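Inspection log for the structure reproduced underneath, given as structure tokens.
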Amino acid sequence: MRKSDLPGAKALATRLRQVFEERIPFNRVLGLRLASIEGEEPRLRFDMRPELVGNPARGILHGGVISSALDVTGAVAIHLAHLRRHGIDESVPFPNIGTIDLRVDYLRPGRGAYFVASGRAVRMGSRIAVAHMELASDAGELIATGSAAYVVG
């Protein structure tokens, strides 16, 4: 399903940006931006900055930044899946979501001018949801993958 296929996609993207880019201070610190809600895999993007470096000698992205970006991306995927299930309009509130388990596999050093994280909901239960995520560099090199379980209420 493409962005244009979603009823109210533009309004939904605006609502998601308000929540994930503006209301969560830590996401602002990381510089996370919603790049796309097209299809089943939302994409978030953030730029490399000196504040995000974990190894000054190598100039690579901090592992905590990688895991945080994957976690937020999984949460966005769960939000979208929840809204698709319950209707995408202003009357449907965003669910409260909390991470209950997060696994990250670090595959390569985080090098690049910017990074793109994508995620997809792989299970939506009545209270527990699961997402799989990936983080790639601006060159398209896969840096890390993750999976997470979230409580949804």
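The values are calculated or read from the model by the stated rules, or taken from the named source; none is laboratory data. Being a predicted model, the structure only gives us computed values, none of them experimental. Counting neighbours? That spans all protein chains shown, and the Cβs are built from the backbone with ideal geometry, glycine included.
Numbers at a glance
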item: Selected residue (only one of Ile66, Ile88 is of a type in the set (Val, Ile, Thr), assigned to a helix (DSSP H, G or I) and either out of contact with any Phe, Trp or Tyr (no Cβ under 6 Å at 6 or more places or on another chain) or at pLDDT 95 or above (or both)); result: Ile66
item: Residues satisfying the stated conditions in the range 39-57, i.e. assigned to a loop (DSSP other than H, G, I, E, B) and either modelled with pLDDT of 95 or more or within 13 Å of the chain's Cα centre (by Cα) (or both); result: Glu40, Glu41, Pro42, Met48, Arg49
item: Checking Asn27 against (1) part of a helix (DSSP H, G or I); (2) at pLDDT below 80, the condition it does not meet; result: (2)
